[in-house]
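J.: Below is a structure I'd like to ask you about.
The values are calculated or read from the model by the stated rules, or taken from the named source; none is laboratory data. What you are looking at is a predicted structure, and each value in this text was computed from that prediction instead of being measured. Reconstructed Cβ throughout: ideal geometry from the backbone, glycine too, with neighbour counts over all protein chains shown.
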Amino acid sequence: MTTDVEGLLRRCAPQALGAVARRHADFAAAEDAVQEALLAGAQQWPRDGVPDNPVGWLVRVAVRRLADEHREGAARRRREEAAAARDQRRPDGVEQHDDTLTVMLLCCHPALTPTAAIPLTLRAVGGLTTREIAAAFLVPEATMAQRISRAKATLRASDVPFAMPAPDDVPRRLTLVRHVLYLLFNEGYATSAGPDLLRVDVTGEAIRLARLLHAAVPDDAEVTGLLALLLLTEARRPARSGPHGELVPLAEQDRALWDRRLVVEGVRLATDALRAGRPGEHTLQACIAVLHDQAPSSEATDWPQVLALYDRLHALTGSPVVALHRAVALAMVHGPARGLAALDGVAERLGGGHRLHAVRAHLLELDGRPRDAVEAYRHAAAAATNLREREYLTLKAARLT
């Protein structure tokens, strides 16, 4: 499958899912049908050419599958296919606007808890695998698979229709959509598994959707903060990998390669978010990104201010990942021994993942304990599921040895 077809299928999938799910009011069945339609498109489009209306094509294939499953008559099938075509085309034959965000809002159903709605949306709309979603939530893949299956069953059994939210439910769903976009971007920027360090198509889609969301709700400070965070992080991407795709950590990046246009836009948005009132977690993260992106070097970064922001962020979220980053800032301000002590308090909540070992190795190296650092780097490399990260960690251990 060519890259163009793959990207087109990714963009079309949420629109097809939304059309089918709204019509049949059965999210699980609609998702299965759309997945089969996507597979058919992946097989046929490179060979036969992309249809004039790709979304309508996917909807028709998915509807036919559902019709066959329910053993409905030919007349019913023709009516549903005609309805699908009407839904996906305007009179001039041009596809309707992108309603990916609408489908995300639909997936964040009131019958689901956040820990169920966010993974389900990442899977159905974001296109992430169960393994990738499990990595984002620091849980085993089997646990996440069960969580997603239960979410589908909950939707199937719910009396609340799979429809647009009532006005008083919109803020709650917006909060979940922000988390979905944040996690989607993270998976693209630091791919959890595979041979590539990052996936530009995933980060690009997350930023595109964040821009659409910001345009839809420009007065939502946390949406503004989220977009700022994504842009400020994306600005560093040109320097994040070397000529052969190898990982280049933040402290060693050539900052002249950073995209200053994105930095300027991100700083402006972060400032707007701060002016709106008490900052939430995405705005606080954006403020940390501003300090990194405006510093001429890692050493010249305002680490005390970074640490103060991480203190506020950890108090707000209690996130073990935030605690991990806070330990690094603590080490930069008060010395590596303080950072290592902070790591001991978060190790169990992180589940022993490779990032914990990698940070510990880095702080041990700063603390002048190369032998201990080598062991930690080797543990991190053994636990890493991304090839580029594993290569970097292995090389760090070899150089210290």
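J.: Taking interchain pairs and intrachain pairs at least six residues apart, which have beta carbon atoms under 7 angstrom, with the first residue in region 355-384 and within 27 Å of ALA136 (Cβ to Cβ) and the second of a type in the set (Phe, Trp, Tyr)?
T.: What qualifies is ALA361/TYR377.
So that you can scan it fast, the table gives a plain yes or no per residue for (1) more than 30 Å from VAL103 (Cα to Cα); (2) of a type in the set (S, T, N, Q); (3) assigned by TED's automatic domain parsing to the domain that holds HIS325; (4) not in a helix (DSSP H, G or I):
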position: ALA215; (1), (2), (3), (4): no, no, no, no
position: THR224; (1), (2), (3), (4): no, yes, no, no
position: LEU230; (1), (2), (3), (4): no, no, no, no
position: ALA251; (1), (2), (3), (4): yes, no, no, no
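J.: Considering each residue of region 314-354, count those that are farther than 23 Å from SER298 by Cβ, aliphatic (A, V, I, L, M) and either without any contact (Cβ under 8 Å) to a residue 24 or more places away in the chain or buried (at least 21 other Cβ atoms within 10 Å of the Cβ) (or both), and give that number.
T.: Adding up the residues that qualify gives 2.
J.: Give the residues of region 104-146 that are closer than 16 Å to VAL160 by Cβ and either touching a strand residue (DSSP E or B) at 6+ places or on another chain (Cβ under 8 Å) or buried (at least 19 other Cβ atoms within 10 Å of the Cβ) (or both), sorted by residue number.
T.: Result: LEU105, LEU106, CYS107, CYS108, HIS109, LEU112, ALA116, ALA117, LEU120.
J.: Confirm whether SER298 is outside the structural domain of LEU395 (by TED's automatic domain parsing) and under 20 Å from the mean Cα position of the chain (by Cα). Quick ask: steps written out before the conclusion?
T.: Values: outside the structural domain of LEU395 (by TED's automatic domain parsing): yes; under 20 Å from the mean Cα position of the chain (by Cα): no.
Here the answer is no, as SER298 does not meet what is asked.
J.: Working only within region 191-219, note down all residues that are over 25 Å from VAL5 (Cβ atoms) and crowded, with 20+ Cβ neighbours inside 10 Å. Before you say what the answer is, go through the steps one by one.
T.: Taking region 191-219 first, the residues over 25 Å from VAL5 (Cβ atoms) are 213-219.
The answer is LEU213, and nothing else.
J.: Of the conditions (1) more than 30 Å from ARG147 (Cβ to Cβ); (2) at pLDDT 90 or above, GLU81 fails just one. Which one is it?
T.: Going through the list (1) more than 30 Å from ARG147 (Cβ to Cβ); (2) at pLDDT 90 or above, GLU81 breaks only (2).
J.: Let me spell it out: the conditions are (1) closer than 20 Å to ALA134 by Cβ; (2) at pLDDT 95 or above; (3) in contact with a helix residue (DSSP H, G or I) (Cβ under 7 Å, 6 or more places away or on another chain), and ALA331 meets all of them except one. Which number is the exception?
T.: (1)
J.: A further question follows. Which residue out of VAL170, VAL125, VAL177, VAL139 is more than 30 Å from PRO238 (Cβ to Cβ), in contact with a Leu (Cβ under 9 Å, 6 or more places away or on another chain) and of a type in the set (A, V, I, L, M, F, W, C)?
T.: Details: VAL125 fails: more than 30 Å from PRO238 (Cβ to Cβ); VAL177 fails: more than 30 Å from PRO238 (Cβ to Cβ); VAL139 fails: in contact with a Leu (Cβ under 9 Å, 6 or more places away or on another chain).
Checking each option against the conditions leaves just VAL170.
J.: Residues in region 280-296: is at least one among the β-branched types (Val, Ile, Thr), out of contact with any Lys or Arg (no Cβ under 8 Å at 6 or more places or on another chain) and part of a loop (DSSP other than H, G, I, E, B)? If you could, list the steps in order and put the result at the bottom.
T.: Just the residues of region 280-296 that are among the β-branched types (Val, Ile, Thr), to begin with: 283, 288, 290.
So of that shortlist, the ones also out of contact with any Lys or Arg (no Cβ under 8 Å at 6 or more places or on another chain) come out as 283, 288, 290.
Retained after the next criterion (residues that are part of a loop (DSSP other than H, G, I, E, B)): none.
No.
J.: Can you tell me how many residues in region 351-374 are in a helix (DSSP H, G or I) and within 21 Å of HIS325 (Cα to Cα)? Lay out the reasoning, then the answer.
T.: Applying the first criterion (in a helix (DSSP H, G or I)) to region 351-374 yields 354-366, 370-374.
After this cut, where a residue has to be within 21 Å of HIS325 (Cα to Cα) as well, the list is 354-366, 372-374.
Here the count works out to 16.
J.: So, in region 157-183, of the ones that are without any contact (Cβ under 8 Å) to a residue 40 or more places away in the chain and not in a helix (DSSP H, G or I), which residue ends up nearest to VAL223 (Cα to Cα)?
T.: The extreme case among them is ALA166.
J.: Which condition breaks for ALA308 when tested against (1) touching a helix residue (DSSP H, G or I) at 6+ places or on another chain (Cβ under 6 Å); (2) more than 27 Å from GLU132 (Cα to Cα)?
T.: So the condition that ALA308 fails would be (1).
J.: Residues in region 185-202 that are of a type outside the set (Ser, Thr, Tyr) and either free of Cβ contacts under 8 Å to residues at least 12 places away in the same chain or not in a loop (DSSP other than H, G, I, E, B) (or both): how many?
T.: So the answer is 8.
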